[in-house]
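Below is one structure; the comments refer to it alone.
The values are calculated or read from the model by the stated rules, or taken from the named source; none is laboratory data. Keep in mind that this is a model prediction, so the values were computed, not measured. Cβ placement follows ideal geometry from the backbone for every residue including glycine, while neighbour counts extend to all protein chains displayed. Accessible surface areas use protein heavy atoms only, side chains included; no ligands, DNA or RNA. Shrake-Rupley method; radii C 1.70, N 1.55, O 1.52, S 1.80 Å.
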Amino acid sequence: MLGIAIGIIAGCGAIVFYEALQAASALFLHVLAGYRLPTPFSEGDVPPGAGPSRPWALPLVAGAGALLGAILVYRVAPEAEGHGTDAAISAVHHNPRGVRFRAVLVKLVASALTIGSGGSGGREGPTGQISAGFGSLLARVLELDPADARVAVATGIGSGIGSIFGAPLGGAVLAAEILYRDDFDPAALLPSFVASGVGYVIFGAVEGYAPLFGSHGGYEFTNPARLIWFAVVGVAGGLVALAYAKGFYGLQGAFQRWALPKWAKPAIGGVLVGLIAIAVPEVLGTGYGWIQHALGPTLLSMPLWIVLILPFARILATGLSIGSGGSGGIFGPGMVIGAFVGAAVWRLFEPAFPWMGHDPTPY
């Protein structure tokens, strides 16, 4: 019963956050900066267009959105800063009944402002924190014991991520796995399956059930030697993932040591991201539309230097947007970073090794 209740809120929260993010992006980027982000298959499959008609506005727009979100966070609910995943995990272990509901609302609005104005961040983390906050509210209202309260908050994390990412089974497993470095919480697994399924059904009923990146069934695995290149992608992805983690927390520590008002730091980070975006607009927003663009022959229309630099530009932009104290997730940027690591391997080596295949999708 608690899983169903958490799933309902997860689905509804995902819808509200998704629509708020779409509205913020339309206002800040499309109207003010003259730039329309590409979108993945499930969101209309809008292809990349021309660059922003007012590139000079990107630093102003990204800085303003981050500033508005930061003022809201630090005036109303300081615990809503950053990507939120660490805070949600900490709540599970230390104070599952202590997540304030106001932090949930602030996280929703602040993340929509930060990401919608061009900040490099993901939408899965904020949605997970929103649902985790409702799990904590249920734990308080129903006076659940500590063990059940922890499961309720963990279920909220998984159901929120599973709902908005369109992967209810993956979200459920994530809820049981993400809580520990070297362990797994089986008690959270079954209620998370229930909550994630319910949340996804509700979210899909409004936003559609199409796979995020559509269907790519044309690929055929015919040459076992290609496994070598998939291993190369794995090694490169692991190394870049280490750089992502070290770089993100390194920038976060640098911002924390900076003697400035907390609300000013995300604004500075947003301005810097906007300056990067003048040359590399692919760092703006969630970036899922660029993954869609890389899934197929259209990858060849992207300049090679963009494909090679984008994983590292995203690491920098995410550290500036979210590590500075801005509100947003870090899972989504990781998807973009990994996708373009694979794309870079294919672009670099396929001309010399045509047996890699002419389809970049699996890479």
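Some values worked out for this structure:
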item: Residue check, residue 220 open to solvent by 40 Å² or more (accessible area, probe 1.4 Å), at pLDDT 90 or above and of a type in the set (Asp, Glu); result: no
item: Close pairs (8 angstrom Cβ cut-off, 6 or more residues apart or separate chains): among the polar types (S, T, N, Q) in the stretch 14-34, surrounded by 20 or more Cβ atoms within 10 Å (Cβ to Cβ) and part of a helix (DSSP H, G or I) anywhere; result: 22/116; 25/115; 25/116
item: Single match in 16, 31, 104, 92 (criterion: under 28 Å from residue 261 (Cα atoms) and of a type in the set (Val, Ile, Thr)); result: 104
item: Matching residues, the stretch 24-43, being open to solvent by less than 60 Å² (accessible area, probe 1.4 Å) and out of contact with any Lys or Arg (no Cβ under 6 Å at 6 or more places or on another chain); result: 24, 25, 26, 28, 29, 35, 37, 38, 39, 40, 42, 43
item: Sole residue being in a loop (DSSP other than H, G, I, E, B), in contact (Cβ under 8 Å) with a residue 24 or more places away in the chain and among the hydroxyl-bearing types (Ser, Thr, Tyr), chosen from 200, 249, 219; result: 219
item: Any chance residue 112 is open to solvent by less than 40 Å² (accessible area, probe 1.4 Å), closer than 25 Å to residue 202 by Cα and either in contact with an Asp or Glu (Cβ under 6 Å, 6 or more places away or on another chain) or free of Cβ contacts under 8 Å to residues at least 24 places away in the same chain (or both); result: no
item: Residue check for residue 337: within 25 Å of residue 125 (Cα to Cα), of a type in the set (A, V, I, L, M, F, W, C) and in contact with a Lys or Arg (Cβ under 9 Å, 6 or more places away or on another chain); result: yes
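The rows are residues; the columns are (1) assigned to a helix (DSSP H, G or I); (2) among the polar types (S, T, N, Q); (3) in contact (Cβ under 8 Å) with a residue 12 or more places away in the chain; (4) touching a helix residue (DSSP H, G or I) at 6+ places or on another chain (Cβ under 9 Å).
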| residue | (1), (2), (3), (4) |
| --- | --- |
| 253 | yes, no, no, no |
| 259 | no, no, no, no |
| 266 | yes, no, yes, yes |
| 272 | yes, no, yes, yes |
| 286 | no, yes, yes, yes |
| 299 | yes, no, yes, yes |
| 305 | yes, no, no, no |
| 317 | yes, no, yes, yes |
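Per-residue answers, yes or no, for (1) in contact with a Leu (Cβ under 8 Å, 6 or more places away or on another chain); (2) crowded, with 24+ Cβ neighbours inside 10 Å:
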residue: 73; (1), (2): no, yes
residue: 93; (1), (2): yes, no
residue: 121; (1), (2): no, yes
residue: 126; (1), (2): yes, yes
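This table checks each residue for (1) over 22 Å from residue 122 (Cα atoms); (2) open to solvent by 40 Å² or more (accessible area, probe 1.4 Å).
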| site | (1), (2) |
| --- | --- |
| 162 | no, no |
| 167 | no, no |
| 176 | no, no |
| 182 | yes, yes |
| 187 | yes, yes |
| 196 | no, no |
| 202 | no, yes |
| 208 | no, no |
| 216 | yes, yes |
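Each row is one residue, and each column tells you yes or no for (1) open to solvent by 20 Å² or more (accessible area, probe 1.4 Å); (2) modelled with pLDDT of 95 or more.
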| position | (1), (2) |
| --- | --- |
| 261 | yes, no |
| 269 | no, yes |
| 272 | yes, yes |
| 275 | yes, yes |
| 287 | no, no |
| 294 | no, no |
| 298 | yes, no |
